[in-house]
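Quick notes on the structure that follows.
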Amino acid sequence: MEEKENKEVPVFIEGETISFIPQNLENINLYVKWLNNPEVRKYARNIVPSRVEDIKKWFEPRDWEMPYFVSFEIWHNKDKKPIGHVGVGWIDWINGWANAFIRIGEPDYWGKKIATEATELLNECAFNELNLNKLHGGVCVENIGSWSVAEKCGFQFEGIREDEFYLDGKHLGVKTYSLLKEDWIKRKEKSND
């Protein structure tokens, strides 16, 4: 473990506290741990256990088609370790939109503004590098931490899809959010003034 922690990582996007690095097959057991941890998966809709064999499929080569998912490990710069995943999925390259997602897999890093930094970095990547026009997502109404991050990062509340999330024996609503590139640019310009 010591050797792995001191290993140089290929940073794709660098942030202050965290960076985005390519997903790494060496960390597959960590991914499986995150996906199966009841505390981490509570609001993630992971209702079927994940196995190493399932996660290996993430790394299989794709045909010539454009990817439907672009995802990264969230690397903690100071602690020099992966702590989660972030990315965009179900990308519609023609119309320029995608679903944004984030998972802080290590609960010790919750409540430390890491999800906010990761979301801001993801917005930058989605709009500047991938040239998407719109990001959207849905969050269980009880997942206050996640929808608070969305709102802090400029996502606009669109509405609630009632009874769409099943948790602890009851159906709950899902708060839906979106962020347009033009609104992201205006927000960024305003914060630079």
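The values are calculated or read from the model by the stated rules, or taken from the named source; none is laboratory data. Source: prediction; values computed, not measured. FYI the Cβ positions are ideal-geometry reconstructions off the backbone, even for glycines, and counts take in every protein chain you see.
Can you tell me which residue in the range 75-107 is surrounded by the fewest Cβ atoms within 10 Å (Cβ to Cβ), limited to those that are of a type in the set (Gly, Ala, Ser) and more than 16 Å from LYS134 (Cβ to Cβ)? So that I can check it myself, show each step before the final result.
Let us first name the residues in the range 75-107 that are of a type in the set (Gly, Ala, Ser), namely 84, 87, 89, 96, 98, 100, 105.
Those left that are additionally more than 16 Å from LYS134 (Cβ to Cβ): 84, 105.
Details: GLY84: 24, GLY105: 20.
It comes out as GLY105.
If you check VAL32 against the conditions, is it surrounded by 14 or more Cβ atoms within 10 Å (Cβ to Cβ), without any contact (Cβ under 8 Å) to a residue 60 or more places away in the chain, in contact with a helix residue (DSSP H, G or I) (Cβ under 7 Å, 6 or more places away or on another chain) and assigned to a helix (DSSP H, G or I)?
yes
Give the residue, chosen from GLU151, GLU162, that is surrounded by fewer than 18 Cβ atoms within 10 Å (Cβ to Cβ), assigned to a helix (DSSP H, G or I) and at pLDDT 95 or above. Write out each step before concluding.
On the way: GLU162 fails: assigned to a helix (DSSP H, G or I).
After applying the criteria, what remains is GLU151.
Is one or more of the residues making up the range 85-103 more than 18 Å from ASN123 (Cβ to Cβ) and either at pLDDT below 90 or in contact with a strand residue (DSSP E or B) (Cβ under 7 Å, 6 or more places away or on another chain) (or both)?
Within the range 85-103, not a single residue is more than 18 Å from ASN123 (Cβ to Cβ) and either at pLDDT below 90 or in contact with a strand residue (DSSP E or B) (Cβ under 7 Å, 6 or more places away or on another chain) (or both).
In the range 130-148, which residues are without any contact (Cβ under 8 Å) to a residue 40 or more places away in the chain and not β-branched (Val, Ile, Thr)? It would help to see each step written out before you state the result.
Just the residues of the range 130-148 that are without any contact (Cβ under 8 Å) to a residue 40 or more places away in the chain, to begin with: 131, 138, 141, 144-145, 147-148.
Correct list: ASN131, GLY138, GLY145, TRP147, SER148.
So, in the range 171-182, how many residues would count as being surrounded by fewer than 15 Cβ atoms within 10 Å (Cβ to Cβ) and in a helix (DSSP H, G or I)?
1
What single numbered condition from (1) under 22 Å from ASN131 (Cβ atoms); (2) in contact with a strand residue (DSSP E or B) (Cβ under 7 Å, 6 or more places away or on another chain) fails to hold for GLY15?
(2)
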